[in-house]
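What follows is a set of notes on a single structure, which appears directly below.
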Amino acid sequence: GENVEQHPSTLSVQEGDSAVIKCTYSDSASNYFPWYKQELGKRPQLIIDIRSNVGEKKDQRIAVTLNKTAKHFSLHITETQPEDSAVYFCAAREGGSGGSNYKLTFGKGTLLTVNP
Amino acid sequence: KAGVTQTPRYLIKTRGQQVTLSCSPISGHRSVSWYQQTPGQGLQFLFEYFSETQRNKGNFPGRFSGRQFSNSRSEMNVSTLELGDSALYLCASSLGTGVYGYTFGSGTRLTVV
């Protein structure tokens, strides 16, 4: 099955700096890569996603890049703000067929702290 | 539009007991997936239901089971609870199996004592 490795496990930056979180996956058939943000005591929320036919996607201060050859994808947050502090999870969705085998495999998460 | 609703929010159970958790997906969503979240293991997939059928299952023992009703609401059951079952149980709904984009509920915090 799919295996997703996420680094770093913790990341501390100064407000205004950029933050980069990296993930690698093992299954070359995986075709969808979402990122979730989970604030303390709250549910994970989808912040951005990318499909395997796209190399990069941006949404304001957040961007995700995908390198299918190397099987890794990264989350980039620019101009970080204290409210960006949270745990971020990457995930990969296995391809599957016939409606089966669709599940997300998550990385272990990155605790991002943005210091004012 | 109401989000994914999980009940109860908190549960305390004793070892050996069983527990049933409930998840109501977003209206119109037909796929419900369940995940176990613990500090050490992160988010681990339990199972997915679509149209009342289990479409996929993670690597959990048979004590973990689930079902989905015709209105897409889902329940998961854990029998013979163990201390290690203490976790946040999250359900997520999507329009259909294989459709991009989960929406998670707020979870049920289960504590086994």
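The values are calculated or read from the model by the stated rules, or taken from the named source; none is laboratory data. Remember, predicted model here, so these are calculated numbers, not experimental data. So basically every Cβ, Gly included, is an ideal-geometry build from the backbone, and we count neighbours across all protein chains shown. Accessible surface areas use protein heavy atoms only, side chains included; no ligands, DNA or RNA. Shrake-Rupley method; radii C 1.70, N 1.55, O 1.52, S 1.80 Å.
Could you list the residues of region B:52-68 with an amide nitrogen less than 20 Å from a label point located 7 Å from the Cα of B:Ser22 in the Cα-to-C-beta direction?
Within reach of a label on B:Ser22: B:52-53, B:65-68.
Using the eigenvalues of the Cα gyration tensor, what equivalent ellipsoid semi-axes result for chain B when each is taken as the square root of five times the eigenvalue, whole Å, largest first?
So the three semi-axes of chain B are 23, 14, 13 Å.
Leaving ligands, DNA and RNA out of it, rank A:His76, B:His29, A:His7 by accessible area with a 1.4 Å probe, largest first.
Numbers: A:His76 60, B:His29 25, A:His7 110 Å².
From most accessible down to least: A:His7, A:His76, B:His29.
Accessible area lost on pairing A with B, both sides, 1.4 Å probe, Å² to nearest 100?
So the total buried area for this chain pair works out to about 1800 Å².
I need the fraction of alpha carbon pairs in chain A separated by more than 22 Å, rounded to a whole percent.
Values: 1972 of 6670 pairs.
Above the 22 Å cut-off, chain A has 30 percent of its Cα pairs.
For region A:42-94 and region B:38-112, compute the distance between their C-alpha centroids and round to whole Å.
When both Cα centres are located, 24 Å separates them.
Send over a whole-number figure in Å² for the accessible area per residue of chain B, probe 1.4 Å.
For chain B, the solvent-accessible area averages 45 Å² per residue.
Can you compute the label reach from A:Lys42? Point 7 Å from Cα along the Cβ direction, backbone N cut-off under 14 Å, restricted to region A:78-93.
A:81-89
Counting other Cβ atoms within 10 Å of each Cβ, which GluC sites (Glu not before Pro) in region B:1-83 have at most 12 and sit in a DSSP loop? Show your work: numbers first, answer last.
Working: sites: B:Glu48, B:Glu52, B:Glu75, B:Glu82; in loops: B:Glu52, B:Glu82.
Sparse-neighbourhood loop GluC sites (Glu not before Pro): B:Glu82.
Can you give the accessible area of A:Leu66, probe radius 1.4 Å, in Å² rounded to 10?
Spelled out: A:Leu66, probe radius 1.4 Å, area about 20 Å².
So which chymotrypsin sites (Phe, Trp or Tyr not before Pro) in region A:6-67 pass both tests, a DSSP loop state and at most 12 other Cβ atoms within 10 Å of the Cβ?
Passing both the DSSP loop test and the Cβ count: no residue.
Quick one: Kirkwood hydrodynamic radius for the protein assembly as shown, alpha-carbon pairs, angstrom, one decimal?
18.1
Under a straight-distance cross-link criterion of Cα-Cα below 28 Å, which lysines are reachable from A:Lys57, leaving out those fewer than 8 residues away in the same chain?
Hits, sequence-local ones excluded: A:Lys22, A:Lys37, A:Lys42, A:Lys68, A:Lys71, A:Lys103, A:Lys108, B:Lys1.
Ignoring ligands, DNA and RNA, how do A:Arg43, B:Arg63, B:Arg15 rank by accessible area with a 1.4 Å probe, largest first?
Ranking A:Arg43, B:Arg63, B:Arg15 by accessible area, largest first, yields B:Arg15, A:Arg43, B:Arg63.
For chain A, what % of the accessible area comes from carbon and sulfur atoms, probe 1.4 Å?
Values: 2600 of 5690 Å².
With neighbouring chains kept in place, the figure for chain A is 46 percent.
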